[in-house]
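As structure tokens, the structure follows; a few thoughts come after it.
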Amino acid sequence: MNDQDVLAELGLRFAIISLMAIGGANAILPEMHRMVVDQHGWMSSETFANLYALAQAAPGPNIMVVTLIGWHVAGIPGALITTAAITVPPSILAYAASQARSRWNRLPWYKSFERAVAPLTVGLVLASAGLLILSTMSGPVSLGITAAVAAFALFTRANPLIPLATAAVLGLLGLV
Amino acid sequence: MTEESAAGAASGPHVTLADLFLSFCRVGLSGFGGVLPWVRSMLVDERRWLTEEEFVNLLSLCQFLPGGNVMNLAVCVGARFRGALGAVTALTGLMIMPLIIVMCLATLYAEFSTLPAVQALFRGVASAAAGLVLATGIKMALPLRRNARALVFIALTIVAVALLKIPLVWVILLLLPVSFAAAVVLRR
């Protein structure tokens with residue numbers, strides 16, 4: 001593929017993926033992984049997990065992982081194209097939905113649809129967690145960090161930056 | 001226009017484009033590991049642009065629309081106070097600083113990612129980030145824990161995506177109609 005083909009492929013694929021992102025970035029993580037690692041071989045599974053961690057460590061919406069994937073594959077043009085592709089189609093939908101919302105709210109099918117979507121959304125997030133754990137675990141310490149951070153986030157309301165920074169230090173000390 | 005915005009026009013806050021841009025810009029800058037808690041406290045507690053109930057209603061719409069929850073929320077809030085231009089302004093405010101910061105981080109990562117110390121650091125952070133996603137999934141599953149129908153579809157989705165690696169579009173096309181039918185028949 002030449003550069004322009006790669007950019008076009010990135011834009012098109014991420015625009016399609018953006019419309020499947022019900023429940024946000026975590027829901028499409030497995031699909032992005034399948035596309036960039038398994039299908040195109042644009043990066044290793046480990047790089048994918050590192051880019052995800054980088055997006056988590058930066059401020060802002062988790063969907064920024066898409067920007068990093070675009071950047072890794074095709075530099076700054078790639079980053080801008082994937083960011084636009086993941087942002088624009090859902091935003092147009094959200095705008096249309098915000099106009100129609102008060103009518104839907106009272107319809108029984110809307111409630112049923114919500115109840116039908118919820119378990120799929122949750123399943124996708126847990127599947128993402130599974131894939132990330134598989135690609136990051138390198139021994140008991142890395143699994144222990146994953147478990148400890150999950151417990152920290154479940155049982156405290158403290159800033160998630162605290163466990164992320166602690167894990168960075170453990171990594172720096174060569175313990176992971 | 002919605003009923004809420006009709007009511008808002010009578011008694012609600014006056015929100016300028018600059019207000020929208022700056023407020024969402026600050027949310028974008030503060031949200032480490034997810035922006036949802038920050039956007040709620042900005043909209044409900046600080047600026048009082050939405051009541052708690054309005055926030056929950058808007059968010060549940062944004063949850064199941066495709067795209068980032070908070071991105072959609074920015075679009076809806078912007079649209080509600082300032083129409084299409086407001087939607088673009090709020091979304092740009094939310095995205096602009098994180099975009100710049102993440103690009104700087106990416107450049108640093110490219111420069112230094114081959115250093116052993118940086119690789120070691122990232123092994124730690126990546127394991128922690130996986131834990132954050134796991135916790136988010138568990139938190140989202142908790143309200144559904146007594147609902148057998150929901151648990152079945154959670155399990156089916158995990159198996160289809162993580163074990164069988166079925167493309168997401170097929171998972172949605174196959175599971176959503178069945179899930180919808182089950183939700184209608186079982187009424188819960």
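Summary table below
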{"item": "Residues located in segment A:128-147, provided they are facing chain B (nearest Cβ under 7 Å), free of Cβ contacts under 8 Å to residues at least 24 places away in the same chain and over 24 Å from residue A:34 (Cα atoms)", "result": "A:147"}
{"item": "Subset tally (residues that are facing chain A (nearest Cβ under 8 Å) and not basic (Lys, Arg)) for segment B:161-180", "result": "11"}
{"item": "Failed criterion for residue B:179 (all others in (1) surrounded by 17 or more Cβ atoms within 10 Å (Cβ to Cβ); (2) under 14 Å from residue A:124 (Cβ atoms); (3) out of contact with any Phe, Trp or Tyr (no Cβ under 9 Å at 6 or more places or on another chain) hold)", "result": "(3)"}
{"item": "Filter result (under 14 Å from residue B:16 (Cα atoms), surrounded by fewer than 21 Cβ atoms within 10 Å (Cβ to Cβ) and within 9 Å of another protein chain (Cβ to nearest Cβ)) within segment B:49-95", "result": "B:84, B:88"}
{"item": "Residue within segment B:68-78 that is more than 15 Å from the chain's Cα centre (by Cα), part of a helix (DSSP H, G or I) and either small (Gly, Ala, Ser) or not assigned by TED's automatic domain parsing to the domain that holds residue B:125 (or both) present", "result": "yes"}
{"item": "Those residues of segment B:129-153 which are part of a helix (DSSP H, G or I), farther than 13 Å from residue A:27 by Cβ and not small (Gly, Ala, Ser), in sequence order", "result": "B:132, B:134, B:138, B:139, B:142, B:143, B:144, B:149, B:151, B:152, B:153"}
{"item": "Where residue A:26 falls short, out of the listed (1) of a type in the set (S, T, N, Q); (2) farther than 25 Å from residue B:24 by Cβ; (3) in contact (Cβ under 8 Å) with a residue 40 or more places away in the chain", "result": "(2)"}
{"item": "Search result, residues across segment A:32-49 that are surrounded by fewer than 22 Cβ atoms within 10 Å (Cβ to Cβ) and more than 18 Å from residue B:131 (Cα to Cα)", "result": "A:34, A:35, A:37, A:38, A:39, A:40, A:41, A:42, A:43, A:44"}
{"item": "Residue identified as farther than 21 Å from residue B:158 by Cα, more than 7 Å from every other protein chain (Cβ to nearest Cβ) and in contact with a helix residue (DSSP H, G or I) (Cβ under 8 Å, 6 or more places away or on another chain) among A:95, A:110", "result": "A:110"}
{"item": "Top-ranked residue in segment B:101-146 [being among the polar types (S, T, N, Q) and surrounded by fewer than 17 Cβ atoms within 10 Å (Cβ to Cβ); ranked as farthest from the other protein chains (Cβ to nearest Cβ)]", "result": "B:114"}
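One line per residue, one yes/no per condition, for (1) surrounded by fewer than 24 Cβ atoms within 10 Å (Cβ to Cβ); (2) modelled with pLDDT under 90; (3) out of contact with any Phe, Trp or Tyr (no Cβ under 6 Å at 6 or more places or on another chain):
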site	(1), (2), (3)
A:9	yes, no, yes
A:22	yes, yes, no
A:25	no, yes, yes
A:61	no, yes, yes
A:68	no, no, yes
A:72	yes, no, yes
A:79	no, no, no
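The values are calculated or read from the model by the stated rules, or taken from the named source; none is laboratory data. A quick note: this is a predicted structure, and the numbers were derived from the prediction, not measured. Ideal geometry is used to build each Cβ from the backbone, glycine not excepted, and the neighbour counts take in all protein chains shown.
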